[in-house]
Amino acid sequence: MTLWSDAHIFVYHRFGDSRHPTTSTSKEELVKEFEYFKSNGYEVVSLGTLVEKLKKQEPIPDNWIVLTIDDNYKSFYQNGFEIFKRYNYPFSMFVYVEATQKRYPDYMSWEELKEISSLGSLEYHSYSHPHMTYTDSKKLREDFKKGLKIFKKYLGFMPKYFSYPYGEYSKRVKDISKEFGFEAIINQNMGAVSKKSDIFDLDRSALVGKTNLKYYLKFRYLDAKWIEPKGYPKNDILKTLHVKLNKEANSAGLYISGYGWQKIPVRKNEIKTTLNKKLQKARNRVILSVNNEISTKLLIKDKYGTK
Ligand SMILES: [Zn+2]
């Protein structure tokens with residue numbers, strides 16, 4: 001049986017750092033995952049290779065894996081990099097600029113970043129690592145301008161890709177991020193990448209703590225057009241779900257944070273159902289699934305609305 005499906009992007013944070021068990025990947029676990037890729041026919045390609053394929057609108061090979069690392073933790077330099085080198089696996093590291101600039105002890109230096117760029121690409125993860133949906137538009141643009149300027153000054157080039165701090169974004173945050181010329185934006189919603197994926201909203205699953213790699217690898221991309229909800233709903237009430245599917249199905253699975261999974265009917269490739277569910281958190285996931293195919297909508301309360 002093959003678990004191959006559309007391409008998968010994974011994100012790591014810390015490596016072999018027992019102080020942070022929920023955001024760290026042990027060396028043993030990393031080797032286990034890499035051995036799994038190697039012995040099951042997966043091909044680890046760079047994020048750039050995947051993005052170029054998406055830009056050309058060509059089908060994405062089923063066995064592609066893209067590895068990314070959020071935050072430039074020193075633990076990658078100490079514990080992760082040697083393993084990536086051993087397997088010759090490319091990666092993209094998303095840099096939290098202020099942490100390196102101000103030499104926070106847990107983070108890599110500019111020199112260390114340059115050293116790892118022999119195998120990986122360095123990308124952008126903000127200047128001050130803010131909760132972007134809680135940052136007003138003016139401050140947000142200032143954070144981008146400042147961080148990109150310092151990135152360029154010390155590393156000598158502009159980053160091509162961006163990942164949101166904490167994986168948190170809204171339509172406003174996404175629109176502002178796009179002003180800065182990134183070629184692709186990566187989220188932190190579990191899923192897969194197909195040629196239908198939005199290049200500015202690429203799904204990525206987290207491989208941290210104790211994870212089930214096979215669970216993530218079985219997901220495929222669900223071609224779904226979300227009509228409602230478009231963003232975090234007014235008065236916290238998720239009234240209606242309206243989604244058009246590009247495939248036939250009798251029913252779909254629906255997950256809402258705080259409510260778990262339920263089964264909902266699909267009629268003529270369309271889901272239209274009244275939910276009237278009060279969202280319980282500031283950060284919610286709505287996930288639709290048809291068999292192994294999933295599509296996620298992240299609903300985060302944006303303090304500064306839709307401007
Ligand atoms: Zn981060």
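Each value in this text was obtained by applying a stated rule to the coordinates, not by laboratory testing. Remember, predicted model here, so these are calculated numbers, not experimental data. Counting neighbours? That spans all protein chains shown, and the Cβs are built from the backbone with ideal geometry, glycine included.
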query: Out of residues 5 or more away from ALA184 or on other chains, whose amide H comes under 5 Å of its own, with H placed 1.01 Å from N in the peptide plane?
result: PHE162
query: Amide H to amide H under 5 Å from SER121: which residues, 5+ apart in sequence or cross-chain, H placed 1.01 Å off N in plane?
result: PHE91, SER92, MET93
- request: Within the stretch 237-263, which residues have the backbone N less than 20 Å from the label spot 7 Å out from ARG285 along Cα→beta-carbon, could you tell me?
  value: 238, 241-243, 252-263
field: Spatially proximal lysines relative to LYS196 (Cα-Cα < 16 Å; intrachain offsets below 8 disregarded)
entry: LYS53, LYS55, LYS56, LYS225, LYS244, LYS247, LYS297
message: What is the sum of charges, Lys and Arg at +1 and Asp and Glu at -1, for the other residues whose Cβ falls under 11 Å from the Cβ of TYR166?
response: -2
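Need one number for the stretch 205-307: average projected area of the convex hull over its C-alpha atoms, nm². Present the calculation step by step, with values, prior to reporting the outcome.
Details: hull surface 29.9 nm².
Orientation-averaged projected area of the Cα hull: 7.5 nm².
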- line: On the formula 1/(1 + (r/R0)^6), with r taken between the Cβ atoms of LYS171 and TYR255 and R0 of 25 Å, the FRET efficiency rounded to 0.05 is 0.75
query: What is the diffusion coefficient of the stretch 154-238 in µm²/s, taking the Kirkwood radius over Cα pairs and the Stokes-Einstein relation at 37 °C with a viscosity of 0.692 mPa s?
result: 219 µm²/s
task: Report the local net charge at GLY209: Lys and Arg +1, Asp and Glu -1, summed over other residues whose C-beta lies under 12 Å from its C-beta.
output: 0
- prompt: Using the scaling law 2.2 N^0.38 Å as the reference, what is the normalised Cα Rg of the stretch 8-219?
  reply: 0.97
task: Mind giving me the nanometre distance, one decimal, between the label points for GLN78 and TYR154, set 7 Å out from Cα along Cα→Cβ?
output: 1.9 nm
- request: May I ask you to derive the FRET efficiency for THR273 and LYS303 from their Cβ-Cβ distance with R0 = 22 Å, giving the value to the nearest 0.05?
  value: 0.15
- prompt: At ASP136 and GLU179, where each label point lies 7 Å from the Cα along Cα→Cβ, what is the point-to-point distance in nanometres?
  reply: 1.4 nm
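With viscosity set to 0.890 mPa s at 25 °C, what whole-number translational diffusion coefficient in µm²/s follows for the stretch 123-189 from Stokes-Einstein and a Kirkwood radius over Cα pairs? Show your work: numbers first, answer last.
On the way: Rh = 11.9 Å.
It diffuses with D of about 207 µm²/s by this estimate.
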task: Using only alpha carbon pairs under 8 Å that are at least six residues apart, calculate the relative contact order of the chain and give it in whole percent.
output: 17 percent
query: Using θ = phi - 60° and the Karplus form 6.51 cos²θ - 1.76 cosθ + 1.60, what ³J(HN,Hα) does each residue of the stretch 245-260 get, whole Hz, x for Gly and Pro?
result: 9, 9, 7, 8, 6, 8, 8, 9, x, 10, 10, 10, 3, x, 10, x
statement: The simple spin-label model distance between THR22 and LYS225, using points 7 Å out along Cα→Cβ, in nm, is 3.9 nm
query: With Cβ to Cβ distances under 12 Å as the rule, what net charge do the other residues near GLN57 carry (K, R +1; D, E -1)?
result: +3
statement: Which residues qualify? For PHE15, with a placed amide H closer than 5 Å and at least 5 residues away or on another chain, they are THR25, SER75, PHE76
task: Take the Cβ-Cβ distance between ILE264 and GLU111 as r, set R0 to 51 Å, and report the resulting FRET efficiency rounded to the nearest 0.05.
output: 0.45
field: Potential lengthening between LYS239 and LYS146 on full extension [0.36 nm per residue; Cα-Cα distance subtracted]
entry: 29.5 nm
- prompt: For the chain, what is the mean residue ellipticity at 222 nm derived from helices alone (per DSSP H run of n ≥ 4: -39500 (n - 2.57); sum divided by total residues; nearest 500 deg cm²/dmol)?
  reply: -6500 deg cm²/dmol
